[in-house]
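Please see the structure below; I have some questions.
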Amino acid sequence: MKKRWLGIALAAMMVAAMPAGVMADEAAEGEATAVTTVGPEDGTHFEMWSFVDVHNEFYGKMVEKWNEENPDKQLNVTFSTYPYSDMHNKLMMSLQAGSGAPDMCDVEIGQFPNYTGVDTPLYALNDALAPYEADCVQSRLDVYSKADGTRIGVPTHVGASVMYWNAEIFEEYGLDYKSVKTWDDYTKLGEQLRDASNGEVFLTSVDTGGVDWFWVAMAEYGEDWTGGPDGEVNVELDSVKKMMEMQKGWLDDGIAMISTDGHVDLEAGFKNVMEGKIASFPKAMWYMSRFLNYMPEMEGKYDITTIPVFEEGQKCSVGIGGTGTVVTEQSADPALAAEFLAWAKLSADGEAHIWNDLGFDVCNSALWFDDAFAFDEANPYNTFFRVKPYEVLQQLANDDAIGTIYTTTVSPTLNDYMCTTTLNEVYEDGMDIDEALAEAQEYIEMETM
């Protein structure tokens, strides 16, 4: 189901809704919240946009390091940070107009499908990524590519989904979370925790405002409700039904609660974690930063493991969230811009900043097995949790356990309907699962076909 880029550009400008976890900047509409320039005036000048100021701070550091190491290819880069919706709309309009676009730009994964049409005016990054491709998690490169395999975005992190456990709670009640391998094991543990705590502690919370659980289930069965870059939407998948049936059972049996405010990545969710109201939940590796930033008192209490599976041998993780950085064809020197971006985000130097400064699980998986990189205790994530995060990532790599779920042009409509209607109908109102998913399928097809 290929669509020409210009045919969907205007519609895409209407769906620049802010995803969960992205904080809004306060600025007048269309104005940058921060502008900085790094590098000598006689260097090749580039403009770069982002919607996250710390991303531009990272790129600025990498420009300085690049200039130290490449005296013959000096860069002078002006970085502008815009509010999320403004930046994506501004990029879309400038690409459509053929002028006014930056040389380089961050694109949030939820917006990325708007730029993957067959004639999108973005520079192909295959050559620039070639030196790093063999060491990178392929699923992360794939989600920032066109259907024909053309790479058009450099990933920032894997966002590998893992299971977070309040080890202190399980120790208090004498329960063994580390032996959990399957969802059946997990359910039995929930029953034990319910009984031991007299129903005061829930094993987990069930989201009505997020779909991460379903991404995990689909990855385990190798399914994808978007159909991928060239397929058709289908929310009536066995994996989706299995997860929904299991979660409904948890709620009915008092094992789980409905997530306050819809999901765990909001203030009410942080409160549930800090108060020990829930004892575990699956989330991407980037959620580690939420602990350091919003829940520092949980240091030493939480453990991280792989996520349970429905059947042993299935993949147990999937990349969630992310930002792909693009080079536009309006760039003064797109080949140089692409070379810099690939180096900045995938080289050992760049990945060290991404891990140590931003707390993201890096895409260059060769570094996951470099003890000096992965296990340095100067990194606060290596001391905050009861396990060093890359120990879990090594297990995922050894088992080839990270699946791929795509974000496509249908994703905004699909995710919105699931979170505003379907999940509430099933979990709050008791609607039949098959009926609710059939209703969702009909609506999504009507809105997107």
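The values are calculated or read from the model by the stated rules, or taken from the named source; none is laboratory data. None of the values given here were measured: they were computed from a predicted structure. Glycine also receives a Cβ, built like all others from the backbone with ideal geometry; neighbour counts cover every protein chain displayed.
Looking at segment 182-211, which of the residues that are of a type in the set (Ser, Thr, Tyr) and either within 26 Å of the chain's Cα centre (by Cα) or part of a helix (DSSP H, G or I) (or both) is surrounded by the fewest Cβ atoms within 10 Å (Cβ to Cβ)?
So the residue we want is THR182.
Taking segment 423-435 only, how many residues are outside any loop (DSSP other than H, G, I, E, B) and touching a residue at least 60 places away in the same chain (Cβ under 8 Å)?
6
Would you check if VAL309 is closer than 30 Å to ASP238 by Cα and not hydroxyl-bearing (Ser, Thr, Tyr)?
yes
A further question follows. Within segment 168-181, track down each residue that is of a type in the set (Ser, Thr, Tyr) and surrounded by 15 or more Cβ atoms within 10 Å (Cβ to Cβ).
TYR177, the sole residue that qualifies.
Moving on. So which residues in segment 75-101 are under 19 Å from HIS45 (Cα atoms) and within 24 Å of the chain's Cα centre (by Cα), if there are any at all?
Scanning segment 75-101 gives PHE79, SER80, THR81, LEU91.
So, in segment 236-257, how many residues would count as being β-branched (Val, Ile, Thr) and within 22 Å of the chain's Cα centre (by Cα)? Walk me through how you get there before you give the answer.
First, the residues of segment 236-257 that are β-branched (Val, Ile, Thr): 240, 255.
Restricting the remaining residues to those that are within 22 Å of the chain's Cα centre (by Cα) gives 240.
The number of residues fulfilling the criteria is 1.
Kindly indicate whether any position in segment 98-112 is at pLDDT 95 or above, among the β-branched types (Val, Ile, Thr) and closer than 25 Å to GLY403 by Cα.
yes
Could you check, for segment 6-29, whether at least one of its residues is modelled with pLDDT of 55 or more and either buried (at least 17 other Cβ atoms within 10 Å of the Cβ) or among the basic types (Lys, Arg) (or both)?
No; the residues of segment 6-29 include none that is modelled with pLDDT of 55 or more and either buried (at least 17 other Cβ atoms within 10 Å of the Cβ) or among the basic types (Lys, Arg) (or both).
Would you confirm whether any residue within segment 75-85 is more than 17 Å from PRO334 (Cα to Cα) and either surrounded by fewer than 17 Cβ atoms within 10 Å (Cβ to Cβ) or among the aliphatic types (A, V, I, L, M) (or both)?
no
Further question on the same structure: Taking helices (runs of 4 or more DSSP H) that fall entirely within segment 349-399, which contain at least 1 residues that are of a type in the set (A, V, I, L, M, F, W, C) and farther than 20 Å from SER139 by Cβ?
In segment 349-399, the matching helices (runs of 4 or more DSSP H) lie at 371-374, 381-384.
Kindly list the number of the only condition in (1) crowded, with 19+ Cβ neighbours inside 10 Å; (2) assigned by TED's automatic domain parsing to the domain that holds GLU108; (3) out of contact with any Phe, Trp or Tyr (no Cβ under 6 Å at 6 or more places or on another chain); (4) of a type outside the set (S, T, N, Q) that fails for PRO334.
(3) is the only condition that PRO334 fails.
How many residues are more than 25 Å from GLU57 (Cβ to Cβ), over 13 Å from the mean Cα position of the chain (by Cα) and small (Gly, Ala, Ser) when one looks only at segment 146-166?
The number of residues fulfilling the criteria is 2.
Does LEU358 meet the test of being aliphatic (A, V, I, L, M) and in the same structural domain as TRP343 (by TED's automatic domain parsing)?
yes
Something else now. Which ones in segment 82-120 are assigned to a strand (DSSP E or B) and either in contact with a His (Cβ under 8 Å, 6 or more places away or on another chain) or outside the structural domain of ALA332 (by TED's automatic domain parsing) (or both)?
ASP106, VAL107, GLU108
So ILE433 fits all but one of (1) in contact with a Gly (Cβ under 6 Å, 6 or more places away or on another chain); (2) not assigned by TED's automatic domain parsing to the domain that holds ASN67; what number is the exception?
Answer for ILE433: the failing condition is (1).
Residue by residue through segment 146-183, note down the ones that are basic (Lys, Arg) and either in the same structural domain as THR328 (by TED's automatic domain parsing) or free of Cβ contacts under 8 Å to residues at least 24 places away in the same chain (or both).
Answer for segment 146-183, where residues must be basic (Lys, Arg) and either in the same structural domain as THR328 (by TED's automatic domain parsing) or free of Cβ contacts under 8 Å to residues at least 24 places away in the same chain (or both): LYS146, ARG151.
On to the next question. Determine, yes or no, whether GLY321 is buried (at least 19 other Cβ atoms within 10 Å of the Cβ), at pLDDT below 95 and under 20 Å from PHE360 (Cβ atoms).
Numbers: buried (at least 19 other Cβ atoms within 10 Å of the Cβ): yes; at pLDDT below 95: yes; under 20 Å from PHE360 (Cβ atoms): yes.
The answer is yes for GLY321.
Mind telling me which of the residues GLU439, GLU391, GLU435, GLU425 ends up being within 25 Å of the chain's Cα centre (by Cα) and modelled with pLDDT of 95 or more?
On inspection, the qualifying residue turns out to be GLU391.
Okay, moving on. All but one of (1) hydrophobic (A, V, I, L, M, F, W, C); (2) more than 17 Å from the chain's Cα centre (by Cα); (3) not assigned by TED's automatic domain parsing to the domain that holds THR204 hold for VAL143; state the number of the condition that does not hold.
(2)
While we're looking at this one, here's another question. Restricting the search to segment 32-49, which residues are surrounded by fewer than 14 Cβ atoms within 10 Å (Cβ to Cβ) and outside any strand (DSSP E or B)?
Result: PRO40, GLU41, ASP42.
For (1) in contact with a strand residue (DSSP E or B) (Cβ under 6 Å, 6 or more places away or on another chain); (2) within 28 Å of GLY276 (Cα to Cα); (3) of a type in the set (Phe, Trp, Tyr), each residue gets a yes or a no:
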residue	(1), (2), (3)
TYR132	no, no, yes
ARG140	yes, no, no
HIS157	no, no, no
VAL162	yes, yes, no
PHE170	no, yes, yes
LEU175	no, yes, no
LYS178	no, yes, no
TRP183	no, yes, yes
TYR186	no, yes, yes
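Determine, yes or no, whether ALA344 is farther than 30 Å from TRP225 by Cα and touching a His at 6+ places or on another chain (Cβ under 9 Å).
Numbers: farther than 30 Å from TRP225 by Cα: yes; touching a His at 6+ places or on another chain (Cβ under 9 Å): yes.
So ALA344 fits the description; yes.
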